[in-house]
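First the structure, in the form of structure tokens, and then the observations on it.
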Amino acid sequence: MSAANETVSAGQARVARYFIYAALIVLALVYLLPLYVMLITSLKSLDEIRGGDMLALPGSPSIAAWVKAWGEACIGVSCVGIKGYFWNSIKMVVPAVLISTLLGALNGYVLTKWRFPGHKLVFGMMLFACFIPFQAVLIPMARLLGLLGLSNSTTGLVMVHVIYGLGFTTLFFRNYYEAFPDELVKAAMIDGAGFFRIFWRILLPSSGPIIVVTIIYQFTNIWNDFLFGISFAGGEGSPMTVALNNLVSSSTGVKEYNVDMAAAVFAALPTLFVYIVAGRYFVRGLMAGAVKG
Amino acid sequence: MTTIEPVPFVEPQRRSRSFADGLRNTLPKIVLAPSFAVILVFVYGFILWTIYLSFTTSRIMPVYKWGGFDAYFRLWSQPNWYVAMQNLAIFGVLYIGICIAIGLFIAILMDQRIRAEGVLRPIFLYPMALSFVVTGTAWKWFLNPGLGLENTMHNLGWESFRFDWLVNPKMAIYTVVIAGVWQASGFVMAMFLAGLRGIDGEIVKAAQIDGASTISIYRRIIIPLLRPVFLSAFIVLAHMAIKSYDLVIALTGGGPGNATELPSTFMYSYTFTRNQMNVGSASAVMMLMGITAIIVPYLYSELRERKQ
């Protein structure tokens, strides 16, 4: 198995491997612990939480806290649960992801296959936009959304997420199309194919992986956003993350830890689901966002 | 590697139809233009707007009366702002340092031809898929002084164990570090692992033949070869640290008191709840300057390298 057995004694190598596995397993348990605690707490009754141990499995697991978090928990003054906010998030995420991905694909296509003088500056400026602290655009955006009558609306949040997601989607597609052979595009041009035809028939069919990467990256980012949500949609229109924070940090009444945790599970489920189903692509997106090419 | 061609098509023998060619030349720009215009207005224009606001006398609403550097003087005379800067320094240094240390350590362990890599890797990485608000909520409960970790340790028989960092103003910022490291270190691990997999095996083999021990191979050869990954990880983590907002809000709400105030929470509260919009803008400008100082040289060098 290991290359070491010919030089060092095999016994020593085996001890080292036991140590490595032990260390990795302990670390993995530490990483899993908060999720485990969150899940089992959401399945316990309040009495059991107060009297028992955080790590103990629930004596009689019940989804009562989940039902309450979904449909009855009080967020602010209205006690209708988080379901409305969950849908707000869905209604915000789906259009924002689709629009920003489509625009990113077109931008990446132009920036690699139809270059013009200054294309580097344009790309550089779009790239920098990925990294700005959003605090630097918060006040003007709040002002503009107010003027347009879009404060507290899903439409406003979709617009905001499309705008500030463009940099990343453009980056993903640009780097992907950069590696796409120019010869194919040129051949199609000589055959008389136009701009959109080349995009539609030649680039798009082979863009599957990068489309998945971009959609997952955007989905995770937009679903998990909190700053834009709390700044531009505080009340009924707020997304899931804002509602979760309002629920958990409210100090009125009895603190229902199980309901808090159930709500947190609901907020975590969509992105965790995507991660479990398509983790490979999620990691690729993270890396592409971190290590620019 | 890649050749940069300003105009990608050469068709000498085609009939030149000025209109069709003109359209061909402009259509791509027409497609790109809306996105670029949006970025120009909503990123760069809005940044200028914020900068302008920081030089006005705006309080509860934006006003455009010139106030000079007043907001900056006020910002730098706020004890709160110093707390925020100090916390950012503590949080930033520990968050970046520990994430890189743990990330590298796990990546090296994972690189020893581990059998269950496919199971372990997703476990280290899943926190990155969670919202900071979920992370904050989970850790707030986990570290709850009465019912959380402290209670568990008592149940295990360690009666004197005390862990009240969440409500202890002196220690609260370290709970933000713990939760932040938990969330991002797996990602740093993935970056290092990709870097380790990219290292030429021949170099390592040659060192093994020369009789170098595994530890000295890592110390002398492999880790120095990972320098670009260290840089990328630093950039990513530093910019995440400056932007951190959700995690603090969900975990400590900036408290107890103002013990875990960060520039991002300072900016939000001064702008939207304390009615000092010009001071809030000034703090946003400071954050932008910090990020620019880190990101622009990095992006510049990354974009230039490709040219050769």
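What follows is calculated from the coordinates using simple rules that are stated; it is not laboratory data. As the structure is a prediction and not an experimental result, all values here were calculated from the model. A quick note on method: Cβ atoms are made from the backbone with ideal geometry, for glycine too, and the neighbour counts reach across all protein chains shown.
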*In what order do B:ILE203, A:ILE20, A:ILE49 fall by count of nearby beta-carbon atoms within 10 Å, going from fewest to most?*
B:ILE203, A:ILE20, A:ILE49
*With point charges of +1 on the Cβ of Lys and Arg and -1 on the Cβ of Asp and Glu, referenced to the Cα centre of the stretch A:3-62, which listed residue (A:GLY51, A:LEU33, A:PRO61) lies farthest in the positive direction of the dipole?*
A:LEU33
_Sequence of B:LYS65, B:LYS205, A:LYS83 once ranked by neighbouring C-beta atoms within 10 Å, starting from the fewest_ = B:LYS65, B:LYS205, A:LYS83
*Full extension from B:LYS205 to B:ILE60: what is 0.36 nm times the residue separation minus their Cα-Cα distance, to one decimal in nm?*
45.6 nm
*If you build a Gaussian network model of chain B, linking Cα atoms that sit under 10 Å apart, which residue out of B:LEU120, B:LEU196, B:LEU247 swings the most?*
B:LEU120
*Rel. contact order, % - alpha carbon contacts under 8 angstrom, at least six apart, the stretch B:210-308*: 22 percent
*Using +1 at the Cβ of each Lys and Arg and -1 at the Cβ of each Asp and Glu in chain B, identify which of B:PRO169, B:TYR268, B:LEU23 lies farthest towards the dipole's positive end.*
B:LEU23
*Using just the helices of chain A, give the 222 nm mean residue ellipticity in deg cm²/dmol: DSSP H runs with n ≥ 4 each add -39,500 (n - 2.57), and the total is spread over all residues, rounded to 500.*
-23500 deg cm²/dmol
*Take peptide A:226-234, look around each residue's Cβ out to 10 angstrom, count Cβ atoms belonging to other protein chains, and average those counts.*
3
*Taking only Cα atoms and a 10 Å spring cutoff, compute GNM fluctuations for chain A and point out the largest among A:ALA96, A:ALA278, A:ALA264.*
A:ALA278
_To the nearest 20 Debye, how big is the dipole of the stretch B:78-303 about its Cα centre, given +1 on the beta carbon of each Lys and Arg and -1 on that of each Asp and Glu?_
120 debye
*Ranking B:TRP182, B:TRP66 by Cβ neighbours within 10 Å, fewest first, what do you get?*
B:TRP66, B:TRP182
*asked:* Rounded to the nearest 20 debye, what is the charge dipole size of chain A about its Cα centre when +1 sits on each Lys and Arg Cβ and -1 on each Asp and Glu Cβ?
replied: 680 debye
*Computed FRET efficiency, Cβ-Cβ of B:LEU23 and A:SER206, R0 30 Å: what is it to the nearest 0.05?*
0.70
*Compare B:LEU225, B:LEU125, B:LEU53 in a GNM of chain B, Cα atoms joined below 10 Å, and give the one with the largest fluctuation.*
B:LEU225
*Extension gain (nm, one decimal) between A:ALA23 and A:VAL77, 0.36 nm per residue minus Cα-Cα*: 14.7 nm
_Total lysine pairs under 17 Å (Cα atoms) in chain A, excluding pairs fewer than 8 apart on one chain_ = 7
